[in-house]
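Take a look at the structure set out below.
The values are calculated or read from the model by the stated rules, or taken from the named source; none is laboratory data. Keep in mind that this is a model prediction, so the values were computed, not measured. A quick note on method: Cβ atoms are made from the backbone with ideal geometry, for glycine too, and the neighbour counts reach across all protein chains shown. The accessibility values were calculated without ligands, DNA or RNA, using every heavy atom of the protein model including side chains. Shrake-Rupley method; radii C 1.70, N 1.55, O 1.52, S 1.80 Å.
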Amino acid sequence: MPTNPKTILITGASSGIGEATARRLAAQGHALLLGARRTGRLAALAGELRAQGASVVHRELDVTSLESVRCFAAAALEEYGRIDVLVNNAGVMPLSPLADLRVDEWERMIDVNLRGVLYGIAAALPVMRRQGGGHIVNVSSVSGHRVDPTAAVYSATKFAVAALSEGLRQESRDVRVTVVSPGFTRSELTERGGSDEARAAAHAAAELLAIPASAIADAIAFAIDRPADVDVNELVVRPTAQG
């Protein structure tokens with residue numbers, strides 16, 4: 001159990017890394033506010049964790065809406081009185097060659113993967129500064145360190161998350177900033193959107209290589225549970241067999 005239980009907000013908490021992180025942090029005794037668009041799955045997860053004795057509430061959340069994200073942060077303050085950690089996890093990954101010109105999907109990735117992170121920071125950072133401390137964890141990707149065919153726009157958003165996080169870290173003395181970059185991880189990212197060929201290739205690679213989402217949750221928990229004067233800035237977690 002943590003020596004200092006925290007109030008933690010998790011976006012994209014209804015599946016994948018977000019769900020695994022909620023399970024990990026709830027088991028450690030932290031108080032959670034979970035947000036996602038799929039409220040049915042979110043409610044089921046929150047109910048399961050509460051039945052196990054965890055302090056968990058949930059709210060519908062659309063990270064592409066600044067108003068929705070601000071309401072999410074306000075709900076945390078109403079329920080718990082503070083925001084210690086924000087895990088900016090929500091993301092989408094429809095892969096396709098640039099020549100396919102899937103502009104709607106490009107815009108969706110920018111809105112969720114980058115604007116969603118910015119909106120989370122905009123909602124949580126003022127609260128953390130008033131408190132005199134806090135921690136923002138941004139989930140990026142190994143694709144934020146390298147670019148592969150069909151992943152140009154996705155990589156661009158994840159490179160941007162890394163740059164944004166480093167800028168925030170340099171500007172902050174009382175708010176910790178961590179970027180977690182998963183490699184192939186079991187999630188639903190490879191199952192929606194993009195070209196049929198790119199989706200099939202990503203799904204096949206994930207089936208062959210992917211590590212469980214709990215491995216990324218462990219990394220997030222590690223960063224969160226360091227002492228207040230220790231800021232774990234970047235963690236890259238990928239399958240041993242991934243090139």
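A few comments on the model shown:
- Close pairs (8 angstrom Cβ cut-off, 6 or more residues apart or separate chains): closer than 12 Å to residue 10 by Cβ in the stretch 215-227, among the polar types (S, T, N, Q) and assigned to a loop (DSSP other than H, G, I, E, B) anywhere: 221/28
- Restricting 117, 147, 127, 153 to those that are under 24 Å from residue 200 (Cβ atoms), in a helix (DSSP H, G or I), of a type outside the set (Lys, Arg) and at pLDDT 95 or above reduces the list to 153.
- Qualifying residue in the stretch 151-172 (condition: in contact (Cβ under 8 Å) with a residue 24 or more places away in the chain and among the aromatic types (Phe, Trp, Tyr)): yes
- Annotation note: of 169, 173, 199, the sole residue that is in contact with a Leu (Cβ under 7 Å, 6 or more places away or on another chain), among the basic types (Lys, Arg), open to solvent by 60 Å² or more (accessible area, probe 1.4 Å) and more than 21 Å from residue 240 (Cβ to Cβ) is 199.
- Qualifying residue in the stretch 177-194 (condition: over 17 Å from the mean Cα position of the chain (by Cα), buried (at least 18 other Cβ atoms within 10 Å of the Cβ) and at pLDDT below 95): yes
Conditions (1) loosely packed, with under 15 Cβ neighbours inside 10 Å; (2) in a helix (DSSP H, G or I), marked per residue:
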site: 41; (1), (2): no, yes
site: 44; (1), (2): yes, yes
site: 47; (1), (2): yes, yes
site: 54; (1), (2): no, no
site: 64; (1), (2): no, no
site: 68; (1), (2): no, yes
site: 72; (1), (2): no, yes
site: 76; (1), (2): no, yes
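- Any chance residue 138 is under 25 Å from residue 214 (Cβ atoms), touching a Leu at 6+ places or on another chain (Cβ under 9 Å) and either open to solvent by 30 Å² or more (accessible area, probe 1.4 Å) or at pLDDT 95 or above (or both): yes
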